[in-house]
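Down below is the structure, laid out as structure tokens.
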Amino acid sequence: MNAGALLNRLNFALTLATNHMPGAKVDLTELLGPDAGANPELALSDSLNDFLGGDVTAQTRATLEKQMSDPQIVQARLDDPVKHVNEGLIAGLVLGAPEFQRR
Amino acid sequence: MKISRRVFLKGGGVAMIGMSAMPAFLQRAIADTLAPNKKKLVVLFQRGAMDGLNVVVPFAEPNYYRMRPTIAIPQPKSGGAEAAIDLDGFFGLHPSLQPFEQLFHSGQLAIVQAVGSPDPSRSHFDAQDFMESGTPGVRSTDDGWLNRSLQAMPEEKESAFRAVAFGPYLPLTLRGKASAIAIPDLKQFKVFGNPKVTEGGFEAMYAQTVDQALHGVGQETFEAVDSLKKLDLDNYQPENGAEYPKSRFGRSLQEIAELLKADLGMEVAFLDSGGWDNHVNEGGVQGQLANLLRDLSQGIAAFHQDLGDRMEDVVFVSMSEFGRTAHENGNRGTDHGHANCMFVMGGGVKGGKVYTKWPGLSDGQLHQDRDLAVTTDYRSVLGEILIKHLGTRDLSTVFPGFDNDPTKFLNILKG
């Protein structure tokens, strides 16, 4: 695999998981469960289990966990206490992880 | 700690010794090691089999007009923009290649006619694979001649952009053990989404992975993405008044020029163009082929103009999998043939000449009684470029099984 191919894979993972792939629809609520939409840690944990069977290194898990507090992931608003977790972004990151490329 | 010869030399291990006191072979070795090869190669593959006989027209060959009653390009003496552009009294350019006229006569552009692969296949897929692998007739080769040439010149710390294909996929020409990347669009060569989350997240994951292959390709990818961020791609202005055609081909050439000027370590660039398979209504002075040639010549001339003096370090070479039948067919087109022509342009090129051992178009001179015969193997042209321009020392792995004898080169390049 070369740099261009890896970049294609990463972008494919993000595009598919965030439902920007024309003609494809991913129902992450169905995959990750209804509670994941308000809990980024749960969304990550479920994504790792669903897509990688939980087979992920501690370093990758730690890197992903750090991202879970990012406003782009949490999508919290000051006037809305309910989090609207960007599950697509989380799933895209997991699908682009080195562990998924090896599968 | 293991220190390689190159590291030792680069690290100044010989600095205490005066260069003048050194044996000549050692001086050469140091010079070879320290001086980065600034020479670049741009390779164009014209997919679909261009009709070389209507591109570089043998207007002094009477059989040409007999064989092509409706699509032949008129002789230059008929004058104007509706006739071939005389090159040497025998060959002329299709009038849509007018931008090549000045390049040819100024010695920047050379043409090779009756050149191609010796394999007789008329299958586009087989012939492209054979030409790109550099092993005509051998189906089992899974890497390309250009990649093998890079393998023959390994670098200590090579740029992620050392070998770039401008398109969505890595072509067979560049496939192999040496690192090469495919870029469909320079502006899209980035990780989608918010960079802090997506690019930052992926970069951190690939930086710490224990999988050495993924670690390496990850590092290469994010370095390349970072390098491109520093270029102001949206505001690129071609120099010297160059105007690229607004086609995919034109855009690719402009992007190659951008990367070359950015000095990101690109040594070889590959691009391709399609649409050359004109079985029906190929056209003559006007038509499908003429339109493709206009795009081709305007793009290449713009590239040459844009690079200006930098062109001294660049060689551009084109090829197509095979030529087309000498006779036109019943649909005012041409079918799959054999020999074709190649364009070679740039610094060090001894242009202004059509290099050929012209086989003729008479009965008995045609390949399988229907096509222009191949009298120059395309590997001979590429081999000369690799040795004289890129500095490849050994062609035996690049074109295995081919007689790579430099004394048999056409001497298209100086040196």
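Points to keep in mind about this one:
- Placing unit charges on each Cβ (+1 for Lys and Arg, -1 for Asp and Glu) gives the range B:55-102 a dipole about its Cα centre, and among B:Ala81, B:Phe91, B:Ile71 the Cα reaching farthest toward its positive end belongs to B:Ile71.
- Sorted from greatest to least, the principal axis extents spanned by the alpha carbons of the protein assembly as shown come out as 85, 69, 46 Å.
- Multiplying the residue separation of B:His215 and B:Glu312 by 0.36 nm and subtracting their alpha-carbon distance yields 31.2 nm.
- All other residues whose Cβ lies under 12 angstrom from that of B:Val280 are scored, Lys and Arg at +1 and Asp and Glu at -1, for a net of -3.
- A cut-off under 11 angstrom between Cβ atoms defines the neighbours of B:Thr135, and their net charge, with Lys, Arg +1 and Asp, Glu -1, is -2.
- Spin-label pair B:Thr397-B:Asn411: with each label point 7 Å from Cα along the Cα-Cβ axis, the two points sit 3.1 nm from one another.
- 26 Å Cα-Cα reach of B:Lys77 towards lysines, excluding residues that sit fewer than 8 places from it in its own chain: B:Lys353, B:Lys357
- Net +/- balance of residues flanking B:Gln113 in space, Cβ distance below 14 Å, scoring K and R +1, D and E -1: -2
- Hull shadow area, averaged, the range B:304-415 [alpha-carbon convex hull, nm²]: 9.2
- All Cα-Cα separations within chain B were binned at 10 Å from zero, giving a P(r) of 4, 21, 30, 24, 13, 6, 2, 0, each value a whole percent of the pairs.
- Among the listed pairs B:Lys38/B:Lys350; A:Lys66/B:Lys177; B:Lys38/B:Lys229; B:Lys388/B:Lys408; A:Lys83/B:Lys187; B:Lys157/B:Lys408, those whose Cα-Cα separation exceeds 25 Å are A:Lys66/B:Lys177; A:Lys83/B:Lys187; B:Lys157/B:Lys408.
- Virtual spin-label span in nm between B:His124 and B:Gln151, 7 Å along Cα→Cβ: 2.9
- Two-site label geometry, B:Asp232 and A:Ala58: point separation in nm, points 7 Å out along Cα→Cβ: 4.8
Throughout, read-outs are computed from the coordinates displayed, never taken from laboratory work. The structure presented is a predicted model; accordingly, all values stated were derived computationally and were not measured. As a convention, Cβ positions derive from the backbone with ideal geometry for all residues, glycine included, and neighbour counts pool all protein chains shown.
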